[in-house]
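Structure record follows, encoded as structure tokens.
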Amino acid sequence: MRRITIWLLSTVAALVLLFSYKTSTMGAGGESSAIASGSDGAGSGSSWTGTDDGSGSSSGGTSSNDGDTSSGNGTSSGGGTATGSVAQTRWGPVQVRITVSNGKITDVTAVQVPDGNHRDQEINDYAVPILRQEALDAQSAQIDTVSGATVTSDGYRESLQSAIDAAHLK
């Protein structure tokens, strides 16, 4: 009888400990810092800051994007930066900023990435440089998902497309 009681109490204690364990995928309270100053992190829209050589349009309105990007048909051929909208993901916000020169993306910077815990930081330290290079190579938001960083990759693509749209690139 004594053995059964000890076994039962041990089993209950082990189950309580098991179910109360918090894994790294649960996040660290939902707080995530914004890297860029002036970003409110609440779904802010895209913005374009740059110049235009007169052959394209860097303001709103309708444009035809079925031409070559070097032709200036609906594209911003000057230089500047465009910040994509904040993509709210399961693990936190993702936002990117692109630098454009002569109608080409010359740099992509991650403004915000999930950083709520150590695992998020590890994943993004690995994934963000790969996503950046993919975007520079593709010159579009049609980039591959990084294995192990699916959620961040999806948010990166969403914000990148928003920045490309803001820069009026094809």
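The values are calculated or read from the model by the stated rules, or taken from the named source; none is laboratory data. Because the structure is a prediction, the values reported are computed rather than measured. Heads up, the Cβs are rebuilt from the backbone with ideal geometry, glycines too, and the neighbour counts pull from every protein chain shown.
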Select from the stretch 140-156 the residues that are free of Cβ contacts under 8 Å to residues at least 60 places away in the same chain and crowded, with 16+ Cβ neighbours inside 10 Å and list them in ascending order.
-> A141, I143, T145, V146, A149, S153
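Would you check if there is a residue in the stretch 137-158 being in a loop (DSSP other than H, G, I, E, B), hydroxyl-bearing (S, T, Y) and closer than 29 Å to K22 by Cα? Don't jump to the end; show me each part of the working.
To start, the set of residues in the stretch 137-158 that are in a loop (DSSP other than H, G, I, E, B) comprises 139-149.
Filter once more, keeping what is hydroxyl-bearing (S, T, Y): 140, 145, 147.
Still in the running and closer than 29 Å to K22 by Cα: 145, 147.
So far as the stretch 137-158 goes, yes, one or more of its residues are in a loop (DSSP other than H, G, I, E, B), hydroxyl-bearing (S, T, Y) and closer than 29 Å to K22 by Cα.
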Among the listed residues A82, A149, which satisfies the condition of being closer than 16 Å to A167 by Cβ and modelled with pLDDT under 90?
-> A82
Would you be able to say whether some residue in the stretch 92-112 is outside any strand (DSSP E or B), farther than 29 Å from K22 by Cα and touching a Gly at 6+ places or on another chain (Cβ under 8 Å)?
-> yes
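So, in the stretch 105-129, exactly how many residues are within 21 Å of T83 (Cβ to Cβ) and of a type outside the set (D, E, K, R)? Before you say what the answer is, go through the steps one by one.
Within the stretch 105-129, the subset within 21 Å of T83 (Cβ to Cβ) is 105-115, 124, 127-129.
Add one more test, that the residue is of a type outside the set (D, E, K, R), and what stays is 105-106, 108-114, 124, 127-129.
Adding up the residues that qualify gives 13.
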Go through the stretch 87-109 residue by residue and tally those that are at pLDDT 90 or above, of a type in the set (A, V, I, L, M) and either more than 12 Å from T152 (Cα to Cα) or surrounded by fewer than 22 Cβ atoms within 10 Å (Cβ to Cβ) (or both).
-> 2
Applying the selection to the stretch 79-127, what residues are at positive phi and in contact with a strand residue (DSSP E or B) (Cβ under 9 Å, 6 or more places away or on another chain)?
-> G80, G92
For D120, all conditions in the list (1) of a type outside the set (F, W, Y); (2) surrounded by 19 or more Cβ atoms within 10 Å (Cβ to Cβ); (3) at pLDDT below 90; (4) farther than 30 Å from K22 by Cβ hold save one; what is the number of the exception?
-> (4)
Failed criterion for N102 (all others in (1) over 18 Å from G80 (Cβ atoms); (2) without any contact (Cβ under 8 Å) to a residue 40 or more places away in the chain hold) | (1)
